[in-house]
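Student: This is the structure, below, for whatever I ask next.
Please treat every number below as a calculation from the coordinates, not as lab data. This is a predicted model, so every value here is computed, not measured. Ideal geometry is used to build each Cβ from the backbone, glycine not excepted, and the neighbour counts take in all protein chains shown.
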Amino acid sequence: MVNRHSVHDDEPLFVISIAAKMVGMHAQSLRHYERLGLIRPSRSRGRVRLYSQADIERLLRIQRLVNDLGVNLAGAEVVIRLNERIARMEEEMERLRAELQSYRDRTLPAVPEGTGR
């Protein structure tokens, strides 16, 4: 499985006012989500909150869970963390599959085509 986020997705780019506009929320909501631990924006040297594209995507997921599915913020946090854990486990399974296939390729003889194995 390919990692869904590129290196640049985690680059802090947006100040809170821009991030809030991008997701259609009030800046105060973003601060509240940060206090709850739902989002962790980077900070500049001057302590200004800076949001990455990955942060924006996370905020949009929270927004969909709350607005579209009626999940409360605690439930949204659980859902998001579980989804992140599932994604990490899928990446690990894919890595292990590739490692197993590589081991098989090195140690087992090739099976002739048409033998049904």
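Student: In segment 86-116, how many are part of a loop (DSSP other than H, G, I, E, B) and either in contact with a Cys (Cβ under 9 Å, 6 or more places away or on another chain) or surrounded by 10 or more Cβ atoms within 10 Å (Cβ to Cβ) (or both)?
Tutor: 0
Student: When you look at Ile39, is it part of a loop (DSSP other than H, G, I, E, B), aliphatic (A, V, I, L, M) and surrounded by 12 or more Cβ atoms within 10 Å (Cβ to Cβ), yes or no?
Tutor: yes
Student: Residues Arg106, Arg88, Arg81: which one is among the charged types (D, E, K, R) and farther than 22 Å from Arg40 by Cβ?
Tutor: The match here is Arg106.
Student: Is there any pair with a first residue in segment 16-36 that is within 15 Å of Arg58 (Cα to Cα) and a second that is outside any helix (DSSP H, G or I) and among the aromatic types (Phe, Trp, Tyr) whose Cβ atoms are under 6 Å apart and which are 6 or more apart or on different chains, and what are they?
Tutor: Ala19/Tyr51
Student: Now, a different point. Taking Arg58 as meeting all but one of (1) under 12 Å from the mean Cα position of the chain (by Cα); (2) over 30 Å from Ala98 (Cα atoms); (3) surrounded by 17 or more Cβ atoms within 10 Å (Cβ to Cβ), write down the number of the exception.
Tutor: It is condition (2) that Arg58 fails.
Student: Against the condition among the small types (Gly, Ala, Ser) and surrounded by fewer than 18 Cβ atoms within 10 Å (Cβ to Cβ), how does Ala27 come out, does it pass?
Tutor: Criteria met by Ala27.
Student: Same structure, new question: Scan (1) in contact (Cβ under 8 Å) with a residue 24 or more places away in the chain; (2) on the phi > 0 side of the Ramachandran plot for the single condition Arg47 breaks and write down its number.
Tutor: Result: Arg47 fails condition (1) only.
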